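Peer 1: So that we are looking at the same thing, I have put the structure below in structure tokens.
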Amino acid sequence: MGGTTLTTEWTIREVLNWTRGFFEDAGIVQPRLEAEILLAHALDVDRLHLYLAPDKPLTSDERTRYRTVVKERRSGVPLQHVIGEVSFYGLRFHVDGDALIPRGETEEMLDQVMKRAPRDREIRCLDLGTGTGVLAVCFARYLPLATVTAVDVSPAALKVAQQNATLNEVSDRIEFLESDWYEKVEGRYDFIASNPPYIATSDLDGLASEVRDYEPTIALDGGEDGLEQIRRIASPILSYLQPGGVVLMEIGHQQGAQGVEIFTSSGLVDVGIERDMAGKDRYLVGRCP
Ligand SMILES: C[S@@+](CC[C@H](N)C(=O)[O-])C[C@H]1O[C@@H](n2cnc3c(N)ncnc32)[C@H](O)[C@@H]1O
């Protein structure tokens, strides 16, 4: 695709090989995989199709569409923003710059929730800092007896979350609240889940530009020591949990010991840490006595 101008006929295989090198030079970590995802997106097919027809030449329109997304990605726009969606826990979610791109660690947190959530009775679940709505939507989809409240202080993020609830056909099961944590929350919950901002303000500048320049700062900034929002959520939590109710919270992998202290001093019991797949401290768990 020399000089990003495609003049001769290019097959799927050739285009992918060329892009892999182009992305490799730019330091993109999974160049071949990203090339395939972008080509499938530009051709509006799934990735398997690329393997079934590797010798198919691209039409001029297809080349133009592909060139546009490749250029965008190479300029540093996150892959998920280029294609506008992400798959999370088996569901599709729209993503854009108004809400954090959901991460694999958060998908793993959902496993922790699913292990603990009762299926045999109606439960109320609260998602604090819903962002794209991934946790709230998954609660509604996978826990049929759950009613869900999704909170975010960012009206733009809440719009994305509402869009995703509609996309996944659960908008009638989720109440959306624009609220500074519990400010507008009423009643008690059986389950509270949160992936709060937990990066220390002084560390924000050092983040990879894909994160720093494209993710909303409000989704990342955990204050001076990174724990400010965790404290704000934990400190009044007993007033929002049913007796026996459970809280699960994603944290930074070096925040485990302080997190346990914060949860314990908030009056939670059975406080502990669960690890992520990389073996790092990642989730705080606690129960209301
Ligand atoms: C790390 S993101 C998590 C988004 C989503 N739950 C996920 O896991 O992908 C944190 C979210 O908390 C929201 N948030 C930050 N401060 C808040 C506050 N004071 N009250 C409510 N939500 C807040 C942000 O807007 C952002 O959507």
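Peer 1: Given Val269, Val260, which one is without any contact (Cβ under 8 Å) to a residue 40 or more places away in the chain and either surrounded by fewer than 18 Cβ atoms within 10 Å (Cβ to Cβ) or not aliphatic (A, V, I, L, M) (or both)?
Peer 2: Val269
Peer 1: If you take the residues in the stretch 217-233 that are in a loop (DSSP other than H, G, I, E, B) and under 18 Å from Glu105 (Cβ atoms), which one is nearest to the ligand (Cβ to nearest atom)?
Peer 2: Leu220
Peer 1: Here are some conditions: (1) more than 10 Å from the ligand (Cβ to nearest atom); (2) in a helix (DSSP H, G or I). Glu105 meets all but one. Which one does it not meet?
Peer 2: (1)
Peer 1: Counting only residues that are in contact (Cβ under 8 Å) with a residue 12 or more places away in the chain, part of a loop (DSSP other than H, G, I, E, B) and over 12 Å from the mean Cα position of the chain (by Cα), which one in the stretch 61-96 is farthest from the ligand (Cβ to nearest atom)?
Peer 2: Gly76
Peer 1: Another one. If you go through the stretch 165-182 one residue at a time, do you hit one that is under 17 Å from Ile218 (Cβ atoms), within 13 Å of the ligand (Cβ to nearest atom), buried (at least 23 other Cβ atoms within 10 Å of the Cβ) and in the same structural domain as Arg275 (by TED's automatic domain parsing)?
Peer 2: no
Peer 1: Also, I was wondering about something else. Determine the pairs where a residue that is closer than 15 Å to Ala140 by Cβ and in contact (Cβ under 8 Å) with a residue 12 or more places away in the chain, located within the stretch 153-165, has a partner that is near the ligand (Cβ under 9 Å from one of its atoms) and in a helix (DSSP H, G or I) with Cβ atoms under 9 Å apart, the partner being 6 or more residues away or on another chain.
Peer 2: Ala161/Val134; Ala161/Ala136; Asn164/Val134; Asn164/Ala136; Ala165/Ala136
Peer 1: Within the stretch 129-159, count every residue that is assigned to a helix (DSSP H, G or I), more than 9 Å from the ligand (Cβ to nearest atom) and of a type in the set (Val, Ile, Thr).
Peer 2: Of the residues in the stretch 129-159, the ones assigned to a helix (DSSP H, G or I) are 134-142, 155-159.
Still in the list and also more than 9 Å from the ligand (Cβ to nearest atom): 137-142, 155, 159.
In the following step, the residues that additionally are of a type in the set (Val, Ile, Thr) were identified as 137.
Adding up the residues that qualify gives 1.
Peer 1: Based on this model, can you work out whether Gly286 counts as part of a strand (DSSP E or B) and at pLDDT 95 or above?
Peer 2: yes
Peer 1: When both residues are 6+ apart or on different chains and their Cβ atoms are under 8 Å apart, which pairs have a first residue that lies in the stretch 191-210 and is in the same structural domain as Gly245 (by TED's automatic domain parsing), and a second that is among the polar types (S, T, N, Q)?
Peer 2: Final answer for the pair search is Asn195/Thr106; Pro196/Gln229; Pro197/Gln229; Tyr198/Gln229; Tyr198/Gln255; Leu204/Thr217.
Peer 1: Further question: With the requirement that a residue be hydrophobic (A, V, I, L, M, F, W, C) and at pLDDT 95 or above, what does the stretch 1-27 give you?
Peer 2: Selection gives Ile12, Val15, Leu16, Trp18, Phe22, Phe23.
Peer 1: Somewhere in the stretch 116-127, is a residue closer than 20 Å to Ile233 by Cα, crowded, with 23+ Cβ neighbours inside 10 Å, at pLDDT 95 or above and within 11 Å of the ligand (Cβ to nearest atom)?
Peer 2: Checking the stretch 116-127: at least one residue is closer than 20 Å to Ile233 by Cα, crowded, with 23+ Cβ neighbours inside 10 Å, at pLDDT 95 or above and within 11 Å of the ligand (Cβ to nearest atom).
The values are calculated or read from the model by the stated rules, or taken from the named source; none is laboratory data. Quantities reported herein were computed from a predicted structural model and do not represent experimental measurements. Glycine gets a Cβ as well: all are built from the backbone with ideal geometry, and neighbour counts include every protein chain shown.
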